[in-house]
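The values are calculated or read from the model by the stated rules, or taken from the named source; none is laboratory data. Computed from a predicted model, the values in this text were never measured in an experiment. Neighbour counts are summed over all protein chains in view; Cβ atoms, including those assigned to glycine, are modelled from backbone coordinates with ideal geometry. To get the accessible areas, we keep the full protein, side chains included, count just its heavy atoms, and leave off ligands, DNA and RNA. Shrake-Rupley method; radii C 1.70, N 1.55, O 1.52, S 1.80 Å.
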Protein chains: 4
Amino acid sequence: MPDTSTTVASLKDAMRRFVAERDWEQFHSPKNLAMGLSVETAELMEHFLWIDAEASRRVVENNAELEEVADEMADVACYLLALTNVLNIDLSDAILRNLEKNAQKYPVEKCKGRYRVE
Amino acid sequence: MPDTSTTVASLKDAMRRFVAERDWEQFHSPKNLAMGLSVETAELMEHFLWIDAEASRRVVENNAELEEVADEMADVACYLLALTNVLNIDLSDAILRNLEKNAQKYPVEKCKGRYRVE
Amino acid sequence: MPDTSTTVASLKDAMRRFVAERDWEQFHSPKNLAMGLSVETAELMEHFLWIDAEASRRVVENNAELEEVADEMADVACYLLALTNVLNIDLSDAILRNLEKNAQKYPVEKCKGRYRVE
Amino acid sequence: MPDTSTTVASLKDAMRRFVAERDWEQFHSPKNLAMGLSVETAELMEHFLWIDAEASRRVVENNAELEEVADEMADVACYLLALTNVLNIDLSDAILRNLEKNAQKYPVEKCKGRYRVE
């Protein structure tokens, strides 16, 4: 199921089933899920800790490393999906509204090629 | 565009356009994106810092707070989508393989109602 | 060397020697050290991920667990000390000024028993 | 009180008083303090998010920025000190044992100039 044909809802459902089968809803408070999300994010970040930006771009050429990174990203995504399930949040809607808000905050004419508004 | 009809690819495309319009690809090394992901995750976590698990579940009843939390989750998702774009990763595929791997690691019969294999 | 007789400067010196012996100053940019600090903090946090606040207080009664937690805290402290070395920061001075600033921000009469000013 | 004459114990005491005056021990479970530590670490990391390693080293030349960074580091240190108070941990002792352990794990002859054992 590639990204081109997979809806966010179907991923949320897959995560919901995984949790329900293990009776893990009791551990999945938003507080715990946010902590877990942060822990997984740090594991992802660790892959890039001692290398510089250019070396981190070349991870794409290293299949073994790339697969590990993709798996860490999946861990992050799973906690995020679990949190959308618990809080009943439509993530697609939240993302698109967030991009609209950030388009106002970072207007193209002021931010092109700069990482902040100056 | 709700989760039921939005594909992961269309969210990746929306993020890609946002970044390209601002000429921000130069800042979006995997190293920087992983750091940004971690920063946004901490901002999400901060919402649940001083409250206990039960209170964090009740965030769902507080519309103003829930909207802020959803926006922080969107920030997290946007960095994750940007990273999939830079590393050319199929996130749906990575998630589904991750769930299969974790189904082996946490078999239902050993984990039902327990947060770790014992 | 217990906390009662150990100065912050002597800990900074111990860390500086450890780094210099390995010729690691080249990797110790503030950017990398801040990332490393965040990674170690997540490893510490993981010890408390699935347990509630009360259970986390009882870690003090479990010697084996407490020793692991103390070692993760030492990892966090070492990155923080390395960062003070690189940036030539007097940490004691920064802490005491921070406490004075926070004493203004969180006056006792408004914050007693509350985790935020209301 | 500079680092050369300030003991870790005196900083722990200063933090303990700050917390006790506000009756905040009730919020300071190890779980919450570890989360807070992670949140503050992310705020520190954010200062270095979009700049490269060399630019992050030059923060030392920018007094206003350096003062902000020192204050974020103090926030991190305060949560760490609070956690040592709650768990009754001797941090100096934990740091020195950690450095001895890491001296075994990263022997000079194998790690000089390399960020990992190869």
Roughly how much accessible area, to the nearest 100 Å², goes out of reach of solvent when A and B pair up, both sides summed, probe 1.4 Å?
6700 Å²
Could you pull the Rg and Dmax for region C:52-113, using just the Cα atoms, both in Å?
16.6, 40
Where the label is 7 Å out from Cα toward Cβ, how close does residue A:65 come to the same position in every other copy, in nm, shortest first?
2.7, 3.7, 4.3
Axis-proximal residue, chain C, for the rotation superposing C on A (Cβ, Å)
C:42, 2
Please go through the residue pairs C:12/D:101; D:12/D:101; A:12/B:101 and name each one whose alpha carbons sit more than 21 Å apart in this structure.
D:12/D:101
Which residue, chosen from C:80, C:102, C:37, occupies the Cα position most advanced towards the positive end of the dipole of chain C, where the dipole is computed from +1 (Lys, Arg) and -1 (Asp, Glu) charges on Cβ about the Cα centre?
C:102
Helix-derived [θ] at 222 nm for chain C: sum -39500 (n - 2.57) over DSSP H runs of at least 4, divide by residue count, nearest 500?
-21500 deg cm²/dmol
What whole-number distance in Å separates the alpha-carbon centres of region D:3-30 and region A:44-72?
39 Å
Starting from the Cα of residue C:110, step 7 Å along the direction of its Cβ; do the same at residue A:4; then give the gap between the two resulting points in nm.
5.7 nm
Label position 7 Å from Cα toward Cβ: report the copy-to-copy distances for residue C:88 in nm, one decimal, ordered from shortest.
4.3, 4.6, 5.8
Considering Cα pairs under 8 angstrom that are at least six residues apart, work out the relative contact order of chain D and quote it in whole percent.
34 percent
Name the residue, out of B:105, B:31, B:12, whose mean-square fluctuation peaks in a Gaussian network model built on chain B with Cα pairs under 10 Å.
B:105
In degrees, nearest ten, helix A:8-21 long axis to first principal axis of chain A (Cα)
40 degrees
Using just the alpha carbons, could you tell me how many Å³ per residue the convex hull of chain C encloses?
169 Å³
Residue-by-residue Karplus 3J(HN,Hα) for region A:49-60, coefficients 6.51, -1.76, 1.60, Hz, glycine and proline x:
4, 9, 9, 8, 4, 5, 4, 5, 5, 7, 4, 4
Just to confirm, what accessible area per residue do you get for the protein assembly as shown at 1.4 Å probe, in whole Å²?
45 Å²
What's the carbon and sulfur percent of chain D's accessible surface, probe 1.4 angstrom, rounded to a whole number?
46 percent
Relative to the other copies, what are the label-point distances for residue A:99, with labels 7 Å from Cα along the C-beta vector, expressed in nm at one decimal and sorted shortest first?
2.4, 4.9, 5.1
Placing unit charges on C-beta atoms (Lys and Arg positive, Asp and Glu negative, everything else neutral), compute the dipole magnitude of the protein assembly as shown about its Cα centre in debye, rounded to 20.
0 debye
Equivalent ellipsoid semi-axes, the protein assembly as shown, via Cα gyration tensor eigenvalues times 5, rooted, Å
35, 26, 23
